[in-house]
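One structure follows; several queries about it will come next.
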Amino acid sequence: MTERPARLVLADGPLMLSALRALFDGRGGVRVIAATSDGRELLALCEELHPDLVLMDL
């Protein structure tokens, strides 16, 4: 049985989001499913998408 990639939501400023997407794109074990720089949108995305992991900068 094949494991599915961890589903990741990124939350940070636009420049860091771009860098993090580039870092995780193409990695077999992680799939970026959303990215935002807005805290309220982050909460809505988490409720909707149920990510395995949220990477954020406070």
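The values are calculated or read from the model by the stated rules, or taken from the named source; none is laboratory data. Because the structure is a prediction, the values reported are computed rather than measured. Methodologically, a virtual Cβ is constructed for each residue, glycine included, from the backbone with ideal geometry; neighbour enumeration extends over all protein chains shown.
In the list ARG7, ARG40, which residue meets the criterion of being among the basic types (Lys, Arg) and either touching a residue at least 12 places away in the same chain (Cβ under 8 Å) or in contact with an Asp or Glu (Cβ under 9 Å, 6 or more places away or on another chain) (or both)?
Answer to the check: ARG7.
Pick from GLU47, GLU41: which is among the charged types (D, E, K, R) and either in contact with a Pro (Cβ under 8 Å, 6 or more places away or on another chain) or exposed (fewer than 10 other Cβ atoms within 10 Å of the Cβ) (or both)? Give the derivation first.
Details: GLU41 fails: either in contact with a Pro (Cβ under 8 Å, 6 or more places away or on another chain) or exposed (fewer than 10 other Cβ atoms within 10 Å of the Cβ) (or both).
Criteria check complete, one pass: GLU47.
Moving on. From the list LEU55, LEU17, LEU23, exactly one residue is of a type in the set (A, V, I, L, M), at pLDDT below 90 and part of a strand (DSSP E or B). Which is it?
LEU55
More than 16 Å from PRO5 (Cβ to Cβ), part of a loop (DSSP other than H, G, I, E, B) and aliphatic (A, V, I, L, M): is that true of LEU42 in this structure? Can you show your working first?
Working: more than 16 Å from PRO5 (Cβ to Cβ): yes; part of a loop (DSSP other than H, G, I, E, B): no; aliphatic (A, V, I, L, M): yes.
Considered against the rule, which asks whether it is more than 16 Å from PRO5 (Cβ to Cβ), part of a loop (DSSP other than H, G, I, E, B) and aliphatic (A, V, I, L, M), LEU42 comes out as no.
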